[in-house]
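The structure under discussion appears below in the form of structure tokens.
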Amino acid sequence: MFSKLTELIQSYDVIIIHRHKNPDGDAIGAQLGLKHLIMDTYPNKTVYAVGDENHLKSFGEMDTISDDVFEGALSIVVDVAVSYLVSDKRYTLSDHVLVIDHHLNDSDVADTFIQDSSVISAAMLIARYAKENNCFISSVTATLLLLGIITDSGRFKYPAVNEETFLITAYLINKGADLQSIYKRIYTEQLEYKKLKGYFINHFKHYNDQILYMENDLTVKDLFGVSTFMVSRGMVNQMANIEGIEIWANFTEDENHKIICELRSAEVPIVDVAKQFGGGGHALACGCTLDSFDQTSKVLEALNQTLKEYYETYQ
Ligand SMILES: [Mn+2]
């Protein structure tokens, strides 16, 4: 699986590592973990990490490089395989693009594609490579790779967590991964975010006993000084894990006055509702976009219908 990775790294003196926009812990952990891994193994190579930055900057900053650096270089794209999601499109200037990803989709950017969708995180793929090849792993590399595993596994909570997750975690701890510093940083929240959570918990509405929803116009984002993404995707699960609640929906107005719908369900598949309104996603976590708040009642009605049909069929 990884022979091509070693071969490509060995063939290039300049390597630039990319990942998806608005990086999460796995994107940063895989990207910077791989950067340090290559730098430690091949001190004569020049390795850069590029892309947009956010609150995860404390794990390591990005490099600023000019276009000519890409000429004749190897670009490695981690934790994403499709062009529209990659941060810093200049991989197109590189000599070769290697994609290492754990998502299901095909790649429209890869010259070489290393993919394993059974693996819980991209950082885990890099860690597997390092372990199999007996690479030198510093405590910095180990901490970064473990960050990716912890965040993409939902803190070891998701169903895809398996024996390998813990074997690799143990391996990284043994190499000096700093678990305390990871948890301290990922559990520290910005004050605005904490206050926004309080607002959500106090304002969500009942469609009925089993369905909760929120309608957020632009004043919510302005009131707390946060992004639309934070109000929408970032807040939907404030309505999760409440006794008796089966489905919850978060409707948020964006800058173009469209309504972003984030739909979630505890166990009843609802993705067909998202599709019915032009969206999609996973069975229990999906979304769509509406033209106005006038349509939200139709989505709630469809969610309720799905719930009723499910109970009629399975109970
Ligand atoms: Mn990932």
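The values are calculated or read from the model by the stated rules, or taken from the named source; none is laboratory data. No experiment lies behind these values; they were computed from the predicted model shown. Ideal geometry is used to build each Cβ from the backbone, glycine not excepted, and the neighbour counts take in all protein chains shown.
A few comments on the model shown:
- Looking across the range 90-108, the residues that are charged (D, E, K, R) and either within 16 Å of the ligand (Cβ to nearest atom) or part of a helix (DSSP H, G or I) (or both) come down to Arg90, Asp101.
- Of the set (1) assigned to a helix (DSSP H, G or I); (2) surrounded by 21 or more Cβ atoms within 10 Å (Cβ to Cβ), all apply to Ile15 but (1).
- So Ala170, is it surrounded by 20 or more Cβ atoms within 10 Å (Cβ to Cβ) and either over 30 Å from Trp248 (Cβ atoms) or modelled with pLDDT of 95 or more (or both): no
For every residue, the table says whether it meets (1) within 20 Å of Gly234 (Cβ to Cβ); (2) under 28 Å from the mean Cα position of the chain (by Cα); (3) among the hydrophobic types (A, V, I, L, M, F, W, C); (4) not in a strand (DSSP E or B).
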site: Lys275; (1), (2), (3), (4): no, yes, no, yes
site: Gly278; (1), (2), (3), (4): no, yes, no, yes
site: Thr289; (1), (2), (3), (4): yes, yes, no, no
site: Asp294; (1), (2), (3), (4): no, no, no, yes
site: Ser297; (1), (2), (3), (4): no, no, no, yes
site: Glu301; (1), (2), (3), (4): no, no, no, yes
site: Gln305; (1), (2), (3), (4): no, no, no, yes
site: Tyr310; (1), (2), (3), (4): no, no, no, yes
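- Checking Ala170 against (1) more than 30 Å from Ser227 (Cα to Cα); (2) part of a loop (DSSP other than H, G, I, E, B); (3) small (Gly, Ala, Ser), the condition it does not meet: (2)
- For the range 262-273, a residue qualifies if it is of a type in the set (Gly, Ala, Ser) and either out of contact with any helix residue (DSSP H, G or I) (no Cβ under 9 Å at 6 or more places or on another chain) or loosely packed, with under 13 Cβ neighbours inside 10 Å (or both), and exactly one does: Ala266.
- Contact map, the range 21-39: first residue farther than 11 Å from Ala49 by Cβ, second residue within 13 Å of the ligand (Cβ to nearest atom) and outside any helix (DSSP H, G or I), Cβ cut-off under 6 Å, separation 6 or more or different chains; pairs are Asp26/Asp79; Asp26/Ser121.
- Considering the range 109-147, and only residues there that are in a strand (DSSP E or B) and within 16 Å of the ligand (Cβ to nearest atom), the residue that is nearest to Asp88 (Cα to Cα) turns out to be Phe113.
- Scanning the range 282-315 for residues that are at pLDDT below 95 and surrounded by fewer than 16 Cβ atoms within 10 Å (Cβ to Cβ) yields a count of 8.
- In the range 232-275, residue modelled with the lowest pLDDT [restricted to those that are among the small types (Gly, Ala, Ser) and within 15 Å of Asn216 (Cβ to Cβ)]: Gly234
- Test for Ser232: is it crowded, with 17+ Cβ neighbours inside 10 Å and either in contact (Cβ under 8 Å) with a residue 12 or more places away in the chain or under 23 Å from the mean Cα position of the chain (by Cα) (or both): yes
- From His96, His36, residue being at pLDDT 95 or above, farther than 30 Å from Met230 by Cα and surrounded by fewer than 19 Cβ atoms within 10 Å (Cβ to Cβ): His96
- Positions within the range 168-210 being over 20 Å from Gly25 (Cβ atoms), among the aliphatic types (A, V, I, L, M) and under 23 Å from the mean Cα position of the chain (by Cα), in sequence order: Leu191, Leu196
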